[in-house]
Amino acid sequence: MTQRIDASASDHGNGTFPFHIMALVCVCANVLAFARVGMNTIRLQLRFLLPLLITVVAAAYLAVPLMDRLNLRWASRDLNQRASLATTALSDSIAEALRDNNLKRLAPLFGRAVQDEHLVAIGLCAKGGRLLYATPGFPRQLTCERAREISDQPNPELRLETGAVHLAVHPVTTEAGVIAELAVLQDLGFIERRSRDTRQYLIILIAILGISIAVITVAVAQLSWRGWVAGARALVRGEGLIRPLSRPSPELAPLAADLRERLHDLEDEYRRSLELESGWNPERLRSLLHTQLRGDQVIVVSNREPYIHERHGSELVVKRPASGLVTAVEPVMRACSGTWIAHGSGGADAETVDAFDRVRVPPGRDEYTLRRLWLTPEEEQGYYYGFANEGLWPLCHVAHVRPVFRESDWQRYQTVNERFARAVLAEARSDDPVVLVQDYHFALLPSLVRQLLPRATILAFWHIPWPNPESFGICPWQREILQGMLGSTILGFHTPFHCKNFIETVDRYLQARIEHEHSTISFEDKYTLVESYPISIEWPDESVTSGWRTPEECRRRVCSRLGIDPAFAIAVGVDRFDYTKGILERLNAVERLLEKHPEWVGKFAFLQVAAPSRSSLEEYQAFQERIHHVTQRINGRFASPGYQPVHLLAEHHDHDAVNEVFRAADACMVTSLHDGMNLVCKEFVAARDDERGVLILSRFAGAARELTEALIVNPYHVEESADSLHQALTMPAAEQRERMASLRMTVREYNVYRWAGRMLADAGRWRMRERIVARVQRHSLG
């Protein structure tokens with residue numbers, strides 16, 4: 001037996017030298033070696049070809065083993081996770097078979113499991129180390145003790161006659177503890193094939209790159225020596241590699257274009273490789289800020305503030321607004337220690353700021369600065385309620401509400417965006433801060449900040465969907481909005497579909513150069529990267545979860561407060577009072593469930609938490625009245641003395657109260673009609689550390705692309721939603737655990753720090769380019 005595979009977690013992206021930088025160094029070294037020589041053509045060619053050959057061989061020697069190691073690490077980690085999931089999925093069936101002393105019933109279950117293309121065999125071991133049952137492919141000479149020894153080693157590989165296999169032993173646990181162990185053998189042949197293909201493609205790429213450079217350079221060497229030296233110096237300074245030359249050397253134009261294309265490809269591949277990194281947390285985000293961004297100032301701009309001060313009598317109360325944006329961005333700001341600029345909307349906000357309208361938050365911890373701006377009632381009505389929420393909000397959401405555009409609202413919108421731009425200038429400690437512009441309230445802000453701070457790195461994130469070009473054409477000021485957004489260095493959306501819609505909209509309404517392959521838009525000599533960054537939440541760590549009440553206690557408290565029998569099946573919905581959230585469709589599904597399955601009448605309760613939102617708008621007032629009417633109708637049909645099926649909680653709930661409701665429920669319904677992401681579903685998953693509960697998720701929410709283990713529904717289809725609710729309420733505990741464990745793994749891995757880290761890493765690379773260009777320009781002027 002031999003053990004060769006490294007099963008440790010990959011550290012790619014931390015200690016790996018980016019390949020595109022290595023390629024650039026190699027090319028520049030060859031150009032320098034060639035440019036120093038002022039001899040005849042043959043000697044020049046020899047001087048170039050020899051270092052070229054050496055660098056190509058060195059690049060292959062360094063890159064190929066590195067790629068092999070990374071492939072092995074990624075594959076080993078994936079196999080360990082697959083084995084763990086298989087053990088979790090089979091644990092209930094194994095427990096039942098051991099309890100009934102009937103191991104034969106495991107034969108068909110294990111037989112189906114090993115039909116997976118990577119699974120070779122499975123063996124069930126007793127706690128004492130005796131092999132209880134194994135599939136036909138399990139090695140006869142392999143004992144449970146030996147399997148455990150191999151699995152505990154860093155490189156758990158087992159060599160069989162049929163080839164190498166990966167061996168992992170995981171405990172089978174129930175509520176009573178560990179009852180057995182499962183040895184899972186998985187084929188490693190695909191890893192060798194993958195590594196072989198990777199080596200082949202990498203060597204071919206390096207060879208083609210080297211040959212291309214050699215052929216082009218040898219041809220250019222025939223030209224005049226003076227023109228060659230001038231062009232080579234420009235190439236070494238970086239001109240032509242980052243952006244087109246203002247006056248490119250005609251001899252080097254083909255070489256520069258070829259190198260730009262190769263470096264674009266290599267950088268795209270490097271960025272995609274960062275997706276495989278894991279373990280994003282506040283410490284890692286802070287480390288990224290101090291390395292890739294060199295500690296540069298981070299400024300966040302949003303309409304909604306993260307903390308609101310209100311006065312209740314003589315008491316000053318601090319509240320957290322019900323906002324997905326605040327839920328996502330606030331943890332990032334705590335990690336970055338920057339400045340957050342927002343509209344001060346609280347009744348006591350003005351009492352808590354200093355002379356410069358600043359206050360340190362969170363209260364008691366003072367981790368970052370909140371700068372408040374004050375709006376007049378007319379400005380708030382026109383900018384926020386008018387253009388933003390009667391115009392842009394329904395325009396971007398396919399929710400069958402007509403957008404309203406008024407000239408006066410547009411003027412207020414422009415004025416407020418200009419005020420926030422001046423506030424960014426006032427808060428900036430340097431001429432090149434990192435500015436994070438949040439959401440549709442500030443579509444004009446990126447361009448305005450660009451005019452005031454030309455060197456700033458501006459990251460604009462659009463938290464709602466982006467419509468198709470035809471729908472966006474309804475807006476009378478379509479060009480102004482697009483031009484404002486293209487002031488961004490990086491423009492982020494939740495999904496690639498929204499990115500595609502935006503690029504097509506720019507293509508339709510502006511004269512801009514679009515590189516679809518690299519998702520970049522060049523407008524007025526400025527480049528904007530358009531990329532998808534799926535937003536998420538802060539995963540609660542042990543210091544937070546240790547203070548949570550148990551699900552049973554949460555259920556008793558919620559039921560006692562609302563007068564519900566704890567034995568009832570309980571489903572919940574948590575939203576703002578908004579017509580895009582599908583609350584009406586959700587209530588219709590509950591009503592249809594009680595019609596189709598009358599056995600739930602008197603045994604089921606639905607809790608709808610709906611925080612009031614934009615209540616001054618007529619559309620929202622009518623919607624809230626309709627929800628109250630439908631609730632009364634359902635309760636009128638199915639209620640009985642001491643029982644009502646629907647509980648509408650139309651009031652603000654803080655985070656702890658919402659978490660208590662999540663932990664008390666059997667199912668959570670998220671039925672958005674159109675949503676950028678929807679973080680409620682991720683908060684529900686994070687709250688269920690007992691791995692119970694079922695998530696019912698709309699296919700029109702951006703989160704449906706990630707949380708595929710939820711019950712995905714079309715909220716417009718009442719019958720489908722009702723059937724999914726019935727399925728959730730009757731789902732076996734084992735299936736609930738399997739689905740919830742997978743959902744929790746996804747949300748924990750793809751947390752808010754990964755979302756912010758990807759954007760800031762892209763910003764760091766972009767800032768490095770800009771600084772190189774600035775240095776070259778200063779050198780040229782000098």
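For ARG146, are the conditions met, namely being open to solvent by 10 Å² or more (accessible area, probe 1.4 Å), outside any helix (DSSP H, G or I) and free of Cβ contacts under 8 Å to residues at least 12 places away in the same chain?
When the stated conditions are applied, ARG146 does not pass them.
Of ILE458, ILE474, which residue is hydrophobic (A, V, I, L, M, F, W, C) and touching a Phe, Trp or Tyr at 6+ places or on another chain (Cβ under 9 Å)?
Checking each option against the conditions leaves just ILE474.
Out of curiosity, is GLU660 of a type in the set (Asp, Glu) and within 30 Å of GLU380 (Cβ to Cβ)?
Answer is no for this residue.
Looking at GLU379, GLU330, which one is of a type outside the set (A, V, I, L, M, F, W, C) and in contact with a Lys or Arg (Cβ under 6 Å, 6 or more places away or on another chain)?
GLU379
When segment 537-553 is examined, which residues are found to be under 21 Å from the mean Cα position of the chain (by Cα) and loosely packed, with under 12 Cβ neighbours inside 10 Å?
Residue satisfying the conditions is ASP541 alone.
Please identify the pairs in which a residue from segment 202-213 that is surrounded by 18 or more Cβ atoms within 10 Å (Cβ to Cβ) has its Cβ atom under 7 Å from the Cβ atom of a residue that is of a type in the set (Lys, Arg) and part of a helix (DSSP H, G or I), counting only partners at least 6 apart or on another chain.
As it stands, the answer is LEU209/ARG262, since those pairs meet every condition given.
For segment 354-380, which positions are of a type outside the set (D, E, K, R) and surrounded by 17 or more Cβ atoms within 10 Å (Cβ to Cβ)?
Hits for segment 354-380 are VAL359, VAL361, TYR368, THR369, LEU370, LEU373, LEU375.
Conditions: (1) farther than 19 Å from TRP766 by Cα; (2) modelled with pLDDT of 95 or more; (3) of a type in the set (Gly, Ala, Ser). ALA460 meets all but one. Number of the miss?
(1)
Take segment 85-106 and flag every residue that is more than 15 Å from ARG737 (Cα to Cα), open to solvent by 40 Å² or more (accessible area, probe 1.4 Å) and either modelled with pLDDT under 80 or outside any loop (DSSP other than H, G, I, E, B) (or both).
GLU96, LEU98, ARG99, ASP100, LEU103, LYS104, ARG105
Quick one: in segment 424-439, which of the residues that are under 29 Å from the mean Cα position of the chain (by Cα) and surrounded by fewer than 21 Cβ atoms within 10 Å (Cβ to Cβ) is nearest to ASN389 (Cα to Cα)?
GLU427
If I filter segment 612-671 down to residues being touching a residue at least 60 places away in the same chain (Cβ under 8 Å) and in contact with a Lys or Arg (Cβ under 6 Å, 6 or more places away or on another chain), which single residue comes out as surrounded by the fewest Cβ atoms within 10 Å (Cβ to Cβ)?
SER613
Between LYS603, LYS581, LYS596, which is in contact with a strand residue (DSSP E or B) (Cβ under 8 Å, 6 or more places away or on another chain), over 20 Å from ALA650 (Cα atoms) and basic (Lys, Arg)?
Matching residue, one of LYS603, LYS581, LYS596: LYS603.
So in segment 521-536, with the set limited to residues that are farther than 18 Å from ARG765 by Cα and more than 9 Å from the chain's Cα centre (by Cα), which one is surrounded by the most Cβ atoms within 10 Å (Cβ to Cβ)?
PHE523
Could you list all residues from segment 533-584 that are among the β-branched types (Val, Ile, Thr), part of a helix (DSSP H, G or I) and either within 23 Å of SER724 (Cβ to Cβ) or without any contact (Cβ under 8 Å) to a residue 60 or more places away in the chain (or both)?
VAL544, VAL558, THR580, ILE583
Pick from ARG479, ARG513: which is out of contact with any strand residue (DSSP E or B) (no Cβ under 9 Å at 6 or more places or on another chain), surrounded by fewer than 19 Cβ atoms within 10 Å (Cβ to Cβ) and basic (Lys, Arg)?
Exactly one of ARG479, ARG513 is out of contact with any strand residue (DSSP E or B) (no Cβ under 9 Å at 6 or more places or on another chain), surrounded by fewer than 19 Cβ atoms within 10 Å (Cβ to Cβ) and basic (Lys, Arg), namely ARG479.
So in segment 156-197, with the set limited to residues that are of a type in the set (D, E, K, R) and at pLDDT 75 or above, which one is most open to solvent (accessible area, probe 1.4 Å)?
Taking the candidates together, the pick is GLU175.
State yes or no: is PRO394 surrounded by fewer than 22 Cβ atoms within 10 Å (Cβ to Cβ), modelled with pLDDT under 95, closer than 30 Å to THR671 by Cβ and out of contact with any Phe, Trp or Tyr (no Cβ under 7 Å at 6 or more places or on another chain)?
Yes: the conditions hold for PRO394.
The values are calculated or read from the model by the stated rules, or taken from the named source; none is laboratory data. Note that the structure is a prediction, hence the values are computed from the model and not measured. Reconstructed Cβ throughout: ideal geometry from the backbone, glycine too, with neighbour counts over all protein chains shown. Note: areas computed on protein heavy atoms with side chains; ligands, DNA, RNA excluded. Shrake-Rupley method; radii C 1.70, N 1.55, O 1.52, S 1.80 Å.
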